[in-house]
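Here the structure is laid out as structure tokens; the discussion comes afterwards.
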Amino acid sequence: MSRTADIEKVCSALEESAQLVGAVCARDKVLPVLNAFGDELSQAMIVFGVQAGVQHIGELDYSFTVPSTVADPYGHAVAQGLTTATDHPVGSVLADIRERWPITEYFVDAGIVGGFKKLYAHFPQTMQKVSDLVALPSMPDSVAANAEVFARHGLTEVAMVGVDYRHKTVSLYFHFGPDGRPEPAAIGAFLREIGMPEPEQRVLEFAHRSLRANITLGWDSPDILRVAFAPPPVRGLDPAAIPGRLGPHIEKFARQTPRVYEGEQVNLFAVKWVRGEEYLEICSYYQLSALQQKLLAEAPQPQR
């Protein structure tokens, strides 16, 4: 299949998925992103995501693997007109990381309405300590300000960094490993300490199954802005296993989103906290990478 056909196929899948959640796909926002980073779409990991809650209605996010030929994703995004060059430190984060340790892969994140949003550097084979990130010239001071909090709660190794160019924030993806997952009570204590809403026990038990925690920080405040916990992706949908009401359109999305692989839909559910709010994010995989297919084939699936 040609590059143009690959892009059209993904764009059509986004349009179909948008209808499931009552959103409208703006091709003038989607095509620039797919054209800029679409050289290897047929082999890429591609995932679509929605966030529950009235305030999130109308948007559908999507993420996919940046082509291996793109060595500088941020510079490429600027050159393609997806974002503007800036003197703000946010524009230097990926370059600072790339200069200091190997990156396994990059991802790009965008919305069907909002357009280009974020880039991610993924380095699971060379995970870094918080002190390594603090040493980066471009890293916000809020990372250092919360280093002791992270250490107290077992957040020590970072496997991925996301950079949001629109909101000027960074997200640190802390990896736990199967034997290092924080207990529900420990997650609750962490959330209380940083001023997030008090979760129900069911939510804490769900978060306990996570292998990673995503912590978002910025340059304008020492506060932790957002926290997310997400258990590994699974095939199918068991509403009873999700700590919250999905709503009919979200459940339809998790069951009926287009996909190009065989077997049940692969979904990932995350619980997120910001000041005064807790909500769910639902990600449904459109296309799996070769590694993801292997891991899913080997992973035990939850009993239903």
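Some observations on this one:
- Paramagnetic reach from His167 (point 7 Å along Cα→Cβ, amide N under 17 Å) across the range 82-113: 90-91, 108-113
- Residue by residue, the range 79-89 carries 3J(HN,Hα) couplings of 4, 8, x, 7, 8, 9, 5, 9, 8, 5, x Hz when phi is fed to the Karplus relation 6.51 cos²θ - 1.76 cosθ + 1.60 (θ = phi - 60°); x denotes Gly or Pro.
- Gyration tensor (alpha-carbon) shape descriptor, the range 1-90, a/c threshold 1.5: oblate
- 10 Å beta-carbon shell around Asp61, net charge (K/R +1, D/E -1): -1
- Residues whose amide H lies under 5 Å from that of Glu105, counting only those 5 or more places away or on a different chain, are His122; hydrogens are built 1.01 Å from N in the peptide plane.
- Label corresponding to percent of Cα pairs over 26 Å apart when calculated from the structure given, among (1) 62; (2) 45; (3) 49: (2)
- Model label sites at Trp219 and Arg275, defined 7 Å from Cα along the beta-carbon direction, differ in position by 2.0 nm.
- Between amide H atoms placed 1.01 Å from N, distances below 5 Å from Val266 occur with Gly236, Tyr285, all of them 5 or more places distant or on a separate chain.
Only the coordinates and a few stated rules stand behind these numbers; no lab work does. If you're wondering where the values come from, they're calculated on a predicted model, not measured in any experiment. So basically every Cβ, Gly included, is an ideal-geometry build from the backbone, and we count neighbours across all protein chains shown.
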